[in-house]
Protein chains: 2
Amino acid sequence: MSVGIRHDDLRRRNRAMVISAVRRAGQPSRTEIAATTGLSHSTISAISSDLIQEGILSESKASEAVSLKRGRPQVGLALNPEAAAVLTVVLSLNFLSVAVIDYAGQVIAEEQRRLDTLTMPRDELIGECTAIVRRRLEDPDLDVQSIARIALAIQGITDSHARAMLWSPITPQTNIAFADILEGEFGIPATMENDCNMMAVALRWRDPDRYRDDFIAILLSHGIGMGLVLKGELFTGTHSSGGEFGHMIHRPGGALCRCGRRGCVEAYAGNYAIWRNARQLSENAEPVADVSDADMRALAARAREADGPEREAYRRAGEALGFGLGSLFALIDPAPVAMVGVSAGAFDLIEPALREAIAQTAGGQHSGSISFDTEPNELPLIREGCAMRALSFVDQEIFAPGIQAKPGKKDVA
Amino acid sequence: MSVGIRHDDLRRRNRAMVISAVRRAGQPSRTEIAATTGLSHSTISAISSDLIQEGILSESKASEAVSLKRGRPQVGLALNPEAAAVLTVVLSLNFLSVAVIDYAGQVIAEEQRRLDTLTMPRDELIGECTAIVRRRLEDPDLDVQSIARIALAIQGITDSHARAMLWSPITPQTNIAFADILEGEFGIPATMENDCNMMAVALRWRDPDRYRDDFIAILLSHGIGMGLVLKGELFTGTHSSGGEFGHMIHRPGGALCRCGRRGCVEAYAGNYAIWRNARQLSENAEPVADVSDADMRALAARAREADGPEREAYRRAGEALGFGLGSLFALIDPAPVAMVGVSAGAFDLIEPALREAIAQTAGGQHSGSISFDTEPNELPLIREGCAMRALSFVDQEIFAPGIQAKPGKKDVA
DNA sequence: CAGTATTTTTTCGAGGCTCGAAAAAATAGA
DNA sequence: TCTATTTTTTCGAGCCTCGAAAAAATACTG
């Protein structure tokens, strides 16, 4: 339902815009902010003076760059690190990690923990998460008044409102309302995010030139995941986090996937699938629960050495990814791709077959111009994404309160 | 780049919102508008009084429903049909049709014309389009001061800014900047829309209960097209109209598609593919240029009569559509589907295999709850969609001028 | 049939926001 | 030290929305 703009929304939105401009630009002057937002200098002056008084921004006296121009020097505005803090929790296969981040985005505390997620009962899994959060919150060394927000990321499917984990390969448990659980336990607003979406968010902050309005982040790990940004917004499904690239159908009735179905892209390109093919096992062979990163790297090394079943396994992975991307490109058109995760380190083995496959699809006409980046380590990306997600929430919902979640929807027609 | 909200945007946006509320609701009272927009009665009163004075809205004295409540009766606001007029042009295989629509959405003039689009040279094709528009504009019977907007729809791929046709199956020509051509010729703002997108727009207006925020319109015709609405907005690709569902890959290296590639969904489910399979021709056989609707209906009749190659052809079409939808659902989650076009009339033959295929995919868990509607006639839908598209432009860009195209983009993180 | 209750719509003053112009502040060059 | 230049703040004007109260228009009631 479309909703009008009230008078007081105006200030709130423009406040949010100023904060966001500072977060993006680092240390912009008031004049720069006025230029990027299109608001008048008077308005920016008024808003930033408010924000400084409230302790959200601070003037960075250190005019490092010796002013080359004459005239009154610009004074940079920066986020006040002590204005708030957020907490990120990343839950992946057999691994739980948490970090406390200050308002400026610096990690100020962290803790990591190995645990056996696959066999853990429900209560224990939840208990481990709340316990690790509690330890960070109650840490006497941490001189943070309070945590404004918790962002939790998990491998798997979450709901589109970022409240619950619906399904995850790291545990047989389903439908855990992590956001509600953490909020109930600690009284801090929380969200439950999809890991690949957080990768995409992080890439956008890391390299806004390359990853701006439209790009694809694909996780090549035990499973295949995707985070998708279209028209500058994170793409989600109608009910869930969506974007389950790994479960698009590559070959109807084909190889057995970890999800129990057949012919998914993941059943050819996931670590377990590459492993299965490298060992020349049947396509019907039950997927193994886990292949260590070291084993995968060894596999890639063998594939590079000689033209054997290992190389063929990577070729098939590339083919599946290529046809999958081709179908995806038929829907969204080609866009820059970032390959993330341990098998991104073997992208040299994957790329030829991948490009050959794409060339046979709707993406084909641009197949040469599609560029792939690789980043073998997904965990730092996921954590960064969570941090930015949580901080942006603080920027917009806490420091520019009352703003409507969605600007009045425009009509389709 | 995010941009601040200026003070005068406020009025403009709220004006647009009031107009849009009236277009959607038919004849809402000021009180109803205040309720749906969340704005105060005073504001609605001021804005609607402006709009009436400007001749955009009118009070519909005819308080038809004899007021059952006591108190001052509500007075409905309606769009003034004479406030503006728009023109729609629909270009499909061998067929060109144009209509003039008043501001309230009623058709006030139309013209249709058969032509041989497949063999026509570029200039002639463009010439036919401008000529038919010119005839409507210069029609002395038409007592319309001026046309405020032209919306042109074509089967095929358009660019994401709705300016040009990039590729179309109805002509060998490519990259025709129809929007610029029409604007140059007549000095009237114009857009070049994808036909399936217009179907989706029309469905949303026809049945907003079923087709609201997330749904899929699939054209089952000579080719396979799709219009997709996600989160209340029309989905487009990063460069083109996108959503080329028909060219997702069903079987790598499979049947020959009209697009020259292999294994596309369309190569199994397009009319020419059903025709090819029904005749038991090779999958490599060159697609025929056109199959008449009558021939397709006869084919469906034979398939219903006996279990022969015709029935098998529809089964294969269903299978391809099902696996395609399965892959689509992996990305966007299941959503209501409208099947449009001549082969939607044979959906009884398609549905069983389609559902069986979906059940084997990520959409499987909800396969029972996915509902399909059918609408065998795409042309009226496309025209209606164009009309609503053009009228919405007038609502927002002309009668609420200066509004920024996009509200300041929210950050991904 | 006049008076009262009820609901819708308009009017009016208050408060808040952004803007442009002008003033103030802060620096580099002359 | 003075001047030119650039950034930032100040201040009044002009809009816009809002709430409260008034006005308008009808149904009920005795």
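Quick look at the values:
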| read-out | value |
| --- | --- |
| Residue, modelled with the lowest pLDDT, within the stretch B:1-22, restricted to residues that are more than 12 Å from DNA strand C (Cβ to nearest atom) and either surrounded by fewer than 18 Cβ atoms within 10 Å (Cβ to Cβ) or more than 8 Å from chain A (Cβ to nearest Cβ) (or both) | B:M1 |
| Residue in the stretch A:48-66 that is within 13 Å of chain B (Cβ to nearest Cβ), touching a Lys or Arg at 6+ places or on another chain (Cβ under 8 Å) and modelled with pLDDT of 95 or more present | yes |
| Test set (1) surrounded by fewer than 24 Cβ atoms within 10 Å (Cβ to Cβ); (2) out of contact with any Lys or Arg (no Cβ under 7 Å at 6 or more places or on another chain) - B:A217 fails condition number | (1) |
| When residues of the stretch B:260-271 are limited to those that are buried (at least 24 other Cβ atoms within 10 Å of the Cβ) and not in a loop (DSSP other than H, G, I, E, B), the one farthest from the other protein chains (Cβ to nearest Cβ) | B:N271 |
| Selected residue (criterion: nearest to A:D395 (Cα to Cα)) from residues of the stretch A:158-177 that are outside any loop (DSSP other than H, G, I, E, B) and in contact with a helix residue (DSSP H, G or I) (Cβ under 7 Å, 6 or more places away or on another chain) | A:M165 |
| Output for the stretch B:47-60, where each listed residue is within 13 Å of DNA strand C (Cβ to nearest atom) and surrounded by 14 or more Cβ atoms within 10 Å (Cβ to Cβ) | B:I47, B:S48, B:D50, B:L51, B:I52, B:L57, B:S58, B:E59, B:S60 |
| Residue in the stretch B:141-151 that is of a type outside the set (F, W, Y), touching a residue at least 24 places away in the same chain (Cβ under 8 Å) and more than 23 Å from B:P189 (Cβ to Cβ) present | yes |
| Matching entry among B:L77, B:L93, B:L68 (being out of contact with any helix residue (DSSP H, G or I) (no Cβ under 7 Å at 6 or more places or on another chain) and surrounded by 15 or more Cβ atoms within 10 Å (Cβ to Cβ)) | B:L93 |
| B:V265 vs. criteria free of Cβ contacts under 8 Å to residues at least 40 places away in the same chain and among the aliphatic types (A, V, I, L, M) | no |
| Strands (runs of 3 or more DSSP E) fully within the stretch A:185-259 counting 1 or more residues that are closer than 30 Å to B:A320 by Cα and within 10 Å of another protein chain (Cβ to nearest Cβ) | A:215-220, A:224-230 |
| Tally, over the stretch A:23-41, of residues that are over 30 Å from B:V18 (Cβ atoms) and either near DNA strand C (Cβ under 9 Å from one of its atoms) or part of a helix (DSSP H, G or I) (or both) | 11 |
| Which numbered condition B:C129 misses (of (1) more than 14 Å from chain A (Cβ to nearest Cβ); (2) surrounded by 13 or more Cβ atoms within 10 Å (Cβ to Cβ); (3) within 16 Å of DNA strand C (Cβ to nearest atom)) | (3) |
| The stretch A:25-58, subset in contact (Cβ under 8 Å) with a residue 60 or more places away in the chain and away from DNA strand D (no atom under 13 Å from the Cβ), residue nearest to A:W205 (Cα to Cα) | A:I56 |
| A:L96, sole failed condition from (1) at pLDDT 95 or above; (2) within 14 Å of another protein chain (Cβ to nearest Cβ) | (2) |
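The values are calculated or read from the model by the stated rules, or taken from the named source; none is laboratory data. Here the structure is a predicted model, which means the values were calculated and not measured. Heads up, the Cβs are rebuilt from the backbone with ideal geometry, glycines too, and the neighbour counts pull from every protein chain shown.
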